[in-house]
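Q: If you scroll down you'll find the structure; I have some questions about it.
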Protein chains: 8
Amino acid sequence: MNWKVYLAGEIHSDWRQQIMEGVQVAGLPVVFSSAVTDHQASDAAGDVLGDQERSFGRDHQSAKVNAIRTRTLIQTCDLGVIRFGDQYKQWNAAFDAGYFAALGKPYISLHSEDHVHPLKEVDAAALAWAQTTEQVVEVLKYVVRE
Amino acid sequence: MNWKVYLAGEIHSDWRQQIMEGVQVAGLPVVFSSAVTDHQASDAAGDVLGDQERSFGRDHQSAKVNAIRTRTLIQTCDLGVIRFGDQYKQWNAAFDAGYFAALGKPYISLHSEDHVHPLKEVDAAALAWAQTTEQVVEVLKYVVRE
Amino acid sequence: MNWKVYLAGEIHSDWRQQIMEGVQVAGLPVVFSSAVTDHQASDAAGDVLGDQERSFGRDHQSAKVNAIRTRTLIQTCDLGVIRFGDQYKQWNAAFDAGYFAALGKPYISLHSEDHVHPLKEVDAAALAWAQTTEQVVEVLKYVVRE
Amino acid sequence: MNWKVYLAGEIHSDWRQQIMEGVQVAGLPVVFSSAVTDHQASDAAGDVLGDQERSFGRDHQSAKVNAIRTRTLIQTCDLGVIRFGDQYKQWNAAFDAGYFAALGKPYISLHSEDHVHPLKEVDAAALAWAQTTEQVVEVLKYVVRE
Amino acid sequence: MNWKVYLAGEIHSDWRQQIMEGVQVAGLPVVFSSAVTDHQASDAAGDVLGDQERSFGRDHQSAKVNAIRTRTLIQTCDLGVIRFGDQYKQWNAAFDAGYFAALGKPYISLHSEDHVHPLKEVDAAALAWAQTTEQVVEVLKYVVRE
Amino acid sequence: MNWKVYLAGEIHSDWRQQIMEGVQVAGLPVVFSSAVTDHQASDAAGDVLGDQERSFGRDHQSAKVNAIRTRTLIQTCDLGVIRFGDQYKQWNAAFDAGYFAALGKPYISLHSEDHVHPLKEVDAAALAWAQTTEQVVEVLKYVVRE
Amino acid sequence: MNWKVYLAGEIHSDWRQQIMEGVQVAGLPVVFSSAVTDHQASDAAGDVLGDQERSFGRDHQSAKVNAIRTRTLIQTCDLGVIRFGDQYKQWNAAFDAGYFAALGKPYISLHSEDHVHPLKEVDAAALAWAQTTEQVVEVLKYVVRE
Amino acid sequence: MNWKVYLAGEIHSDWRQQIMEGVQVAGLPVVFSSAVTDHQASDAAGDVLGDQERSFGRDHQSAKVNAIRTRTLIQTCDLGVIRFGDQYKQWNAAFDAGYFAALGKPYISLHSEDHVHPLKEVDAAALAWAQTTEQVVEVLKYVVRE
């Protein structure tokens, strides 16, 4: 069995690469997916559908095109890792966490101790809270062992 | 039919009261619910279950007790209003939005134009974006008219 | 038991009134609901949320506000009556029929013999095809009899 | 991952071929399905099951045989493209849109600006509105990128 | 709590009355529902919708009108009692049993020892097999006790 | 795509073989499954689990072991063909039809004109009624065409 | 809103009465339900359906009659309290916990510190672990506050 | 078709190996999965996520990491075998049984006659009760036969 892991959240650090490399080194039967993580491409995802005068329109159009991708990937994955970094609002990461929770799909939250209090609802619905990508890889090793 | 409306998000302004008053003035058949909005009580929700040495433990315990309440109320409501204010991380509000979205349950987002970009995923799954509580009341008037 | 019947489709004739009156005369335990059937109000449903430069924006905003109402009513009703008149595109009526079908919720289609061919998919998923409101009332009499 | 895309709606223009060719040129991991698009075969789908005296009977029988195919394909696809052309009632396309919407399955609507108003409910539940097949191909390129 | 009990199957003996009387004597908080049990009315349920040349058409039309009633009642009941008598094919009773089973809804089968072998699939999915209406009443007494 | 077709019902004629051969001759991408059709083996399915004094016990034990197989196969198939022959009670076939119906899974009923009346509920929930295995093969040809 | 609380598990101490009294003293809008807690009656629940030679048969018959009651009550409650005492196997309590968990329905586990290790799976899926009935009452006070 | 069988429960005897060997000898198309059965590793599953002062914390953390694995495997398997041995509380086995039951997924219970009474709820929801691993293998042979 190949485990499908969806990597949600922060796009400004290389945490996805770290997890993928750790998993590759360990030779685990895991395949990864995520939203498009190229920030500019993501913001422009809907531009091909026509100009929008107000920024709300453009964001709306792009966010929906992104949703075509992300909802399908979330609904078909086995588990998620949801990363909160130190910058920006990151409401999309929390939104994804709520989405996983309502589907009853397991996820691991990944964030520093600094965010324990504001993320308490996100952590309460998670099956693990990790602070480093190494910990995530260790958990994956355990979870998928034959 | 009484419409059940769940009010999620910000607890540091009186937006809930404004909506409730507007609805009362209009005489609409709406009943409201929400998480416990007393911040201190909410943080201490799980304290009766025993002390926790680390702050993670306390937050975790309380967030889960809060979830007993909020999941039931969200799952039985007809629609949500999810408010984002100008302060704090408010990840729980975004988490609730994702929860509504995954359940296919309609919600109205309520926030100023400043947050349009970081809330684009939240707004993409919403059925309306309002900037004032008056707008929410007007939408409710329309939605529930006999 | 009160049967909840949702009346979808045409808003340019008085078919809803005819069914309601027939049901009232018969004294049946039926409560009705429907989308807002005031055409102008329906098209303007989202206007309170702000101006939209393009007509797509205005229609989009209003259609979503209407959806807050109609999805809830469809999901909580016991059966639907979906009416196709002789004018206009009426794609919203066919959309509602598909929505009922996917939910596995019973509906009666109501249209003249002229539309049998283009409505064959809609009729294939219906549990009855009626041509007059009298027939609908007769079916309701049968369905809800104590 | 192969993305499964269901192409619904108009059968009197070559929009399906255009999308398939665009996807093939781009080398995307997409497989397509659709209802049987041979009009005569579709109308006769149930004829093997016996003659029907009234046209309603024939249409009904064929529409149901078609439904054996289309419901399975819609339920197992990842997303839909739903096309409205300039001719005919096309109620089956709107029916399919409602079916996708009730399943919470993403779809792209494809139609000219002329139909914005009558299709507002269909567009309100869509995750993108495209006016050309080139736009659909561009969206697919974005959605399925590795 | 009022328990909703659906009584399915045989319409040629007074087993429904026996159960209702037993429940009334015991003063249990139970409300009953069932298909329309007037055989002639049931066969003619769809006749108001127009004549059908072949008997298949008439039966089909009536069976669907009956389904509007029975599916709703089955889906909203708490448990079923499914009765098999000694005469006729009674495939509709077995059909209802399968419907209950697939919904995961509990039912009691009610039939004599003679039918144990041909009803083994029906009984395997039942939560009780009763041979007399008195037994059904006794089970209901137990199940609904405060 | 391989279509998974479940063949339910009669085990005393070679209708399954006829359909399989017709499909093979036509080269259709269809895989078949069914309950164990060896009557004696089916009745003895649970015997390995221990003796049962009463016939009810033996039938019950075997019917449940059969259900391990049949429920899984029904839930994972794409469509069913449900056959009623001229002999025996065949309540298990009607039970399977109800199971398909409650799951919203399409099925074709296969029986002679003699059974139209007693099978009207089964046919009302079917998407096609065939009288011969040739008709079933023709419908399958249409449904699965590339 | 009345909160429906299902009390599962131990039947040899008065923990149910303690919680009910605490809730009554506090005047909370809570209604309780549970399995039949009269041990002898519960073991004999199916006896009315006929004698069973082996103890397996009797237990089986009674457990199924009990399931008619308990599954309905669990599926319609808002939350559960699941109690583990110091005696007996109490596998039914753990079974109920798994049932709540798979339904995504919140529950509070109630047991002494001695059982922390063997109940770790049960507690991992719970939203609160209480050691005393007073704690349960306090949590309920918080959860249902207006 | 490969049948996916999840083996739950006792980890202190070699019953899993016995079933796997029996299946291998018979050449059945079955693939097995289970929780991690190395007791020490299982108890330490969450240790990588950080120390926990109280034993509750450690157990909780590990049980949740185990749940990432087991819930996914249970939800994707075709059937379960749930084993109760003679020692320990084994509440996790009963929890798994409840989880299978609520999902409507078939399982075989495997335990000696000694436990018939305390496991009556677990057995009432099972589709077979086996006392030996040989019996399980025989049932699997029957269930998966081509």
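Read-outs: derived from the displayed coordinates by stated rules, not from any lab. These numbers come from a predicted model, not from an experiment. Note that we place each Cβ from the backbone using ideal geometry, even for glycine, and neighbour counts take in every protein chain shown.
Q: From the square roots a ≥ b ≥ c of the eigenvalues of the alpha-carbon gyration tensor of the protein assembly as shown, which class results: rounded (a/c under 1.5), prolate (a/b over b/c), or oblate?
A: In terms of gyration-tensor shape, rounded.
Q: Also, quick follow-up: Taking each residue in H:107-113, count the Cβ atoms of any other chain within 10 Å of its Cβ, then average. What number comes out?
A: 1
Q: Helix C:15-26: angle to the longest alpha-carbon principal axis of chain C, degrees 0 to 90, nearest 10?
A: It is inclined by approximately 40 degrees.
Q: List, in order, the whole-Hz ³J(HN,Hα) value for each residue of segment A:28-43 obtained from phi through the Karplus relation with A = 6.51, B = -1.76, C = 1.60 and θ = phi - 60°; use x for Gly and Pro.
A: 7, x, 10, 10, 9, 9, 6, 4, 5, 9, 7, 4, 5, 4, 5, 5
Q: Go through segment E:109-122 residue by residue and turn each phi into a ³J(HN,Hα) via Karplus (6.51, -1.76, 1.60, θ = phi - 60°); whole Hz please, and just put x for glycine and proline.
A: For segment E:109-122, the Karplus-derived couplings read 8, 10, 6, 6, 4, 4, 9, 4, 6, x, 9, 5, 5, 5 Hz, x marking Gly and Pro.
Q: Helix-derived [θ] at 222 nm for chain F: sum -39500 (n - 2.57) over DSSP H runs of at least 4, divide by residue count, nearest 500?
A: -14000 deg cm²/dmol
Q: Further question on the same structure: Residues in segment G:127-146, backbone N under 12 Å from the label point at G:Glu113 (7 Å along the Cα-to-beta-carbon vector): list them, ranges by number please.
A: Backbone N within reach: G:131.
Q: Right, another one. In the neighborhood of A:Glu21, defined by Cβ-to-Cβ distances under 12 Å, what is the net charge if each Lys or Arg adds +1 and each Asp or Glu adds -1?
A: -1
Q: Using the Cα gyration tensor of segment E:76-146, with a ≥ b ≥ c the square roots of its eigenvalues, what is the shape: rounded (a/c below 1.5), prolate (a/b larger than b/c) or oblate (neither)?
A: Oblate, since a/c reaches 1.5 and b/c is not below a/b.
Q: Can you tell which of G:Ile74, G:Ser33, G:Gln90 lies farthest toward the positive end of the dipole of segment G:27-95, using +1 and -1 charges on the Cβ of basic and acidic side chains (Lys, Arg; Asp, Glu)?
A: G:Ile74
Q: Which ³J(HN,Hα) values in Hz, rounded to whole numbers, follow from the phi angles of segment D:5-11 under the Karplus curve 6.51 cos²θ - 1.76 cosθ + 1.60, where θ = phi - 60° and Gly and Pro get x?
A: Going residue by residue, I get 10, 9, 9, 10, x, 2, 10 Hz, with x marking Gly and Pro.
Q: Rounding to the nearest 10 and keeping the result within 0 to 90°, find how far the Cα-based axis of helix G:133-143 lies from the longest principal axis of chain G.
A: 60
Q: Just which residue of chain C brings its Cβ nearest the axis of rotation onto chain F, and by how many angstrom, rounded whole?
A: Chain C residue with minimal Cβ-axis distance: C:Gly104, 3.
Q: Out of residues 5 or more away from C:Gly80 or on other chains, whose amide H comes under 5 Å of its own, with H placed 1.01 Å from N in the peptide plane?
A: Under 5 Å from the amide H of C:Gly80: C:Tyr6, C:Tyr107, C:Ile108.
Q: In peptide H:127-138, what is the residue-averaged number of other protein chain Cβ atoms found within 10 Å of each Cβ?
A: 4
Q: Something else: Charges only on Cβ, +1 for Lys and Arg, -1 for Asp and Glu: so what's the dipole of segment B:100-146 about the Cα centre, in debye to the nearest 20?
A: 220
Q: Same structure again: Of the residues E:Arg69, E:Arg16, E:Arg83, which exhibits the maximal mean-square fluctuation in a Gaussian network model of chain E defined by a 10 Å Cα contact cut-off?
A: Judging by the Gaussian network model, the answer is E:Arg69.
Q: For segment H:1-108, which GluC sites (Glu not before Pro) pass both filters: DSSP loop (anything but H, G, I, E, B) and at most 12 other C-beta atoms within 10 Å?
A: When the GluC sites (Glu not before Pro) of segment H:1-108 are filtered for loop state and at most 12 Cβ neighbours within 10 Å, H:Glu53 remain.
Q: With springs only between Cα atoms under 10 Å apart, run a GNM on chain E and tell me which of E:Thr70, E:Thr133, E:Thr37 wobbles the most.
A: Its mean-square fluctuation being the largest, the pick is E:Thr37.
Q: Relative contact order for chain E: what percent, with Cα pairs under 8 Å and sequence separation of 6 or more? Present the calculation step by step, with values, prior to reporting the outcome.
A: Working: 194 pairs, mean separation 41.3, N = 146.
Over chain E, the number comes to 28 percent.
Q: If you don't mind, another one. For a quick check: with amide H placed at 1.01 Å from N, whose amide H comes under 5 Å from F:Gly9's, ignoring anything fewer than 5 positions away on the same chain?
A: Counting only residues 5 or more places away or on other chains, the set is F:Arg83.
Q: Identify which of D:Val136, D:Val23, D:Val48 has the largest mean-square fluctuation in a Gaussian network model of chain D, with springs joining Cα atoms closer than 10 Å.
A: D:Val48
Q: Let me ask you something else. What is the sum of charges, Lys and Arg at +1 and Asp and Glu at -1, for the other residues whose Cβ falls under 13 Å from the Cβ of C:Asp78?
A: +4
Q: Answer rounded, prolate or oblate for segment D:17-146, using the Cα gyration tensor with square roots of eigenvalues a ≥ b ≥ c: rounded when a/c is under 1.5, else prolate when a/b is larger than b/c, else oblate.
A: prolate
Q: For D:Trp3, enumerate residues with amide H under 5 Å from its amide H, sequence gap 5+ or separate chain, H modeled in the peptide plane.
A: Answer set, sorted by chain and number: D:Val30, D:Val31.
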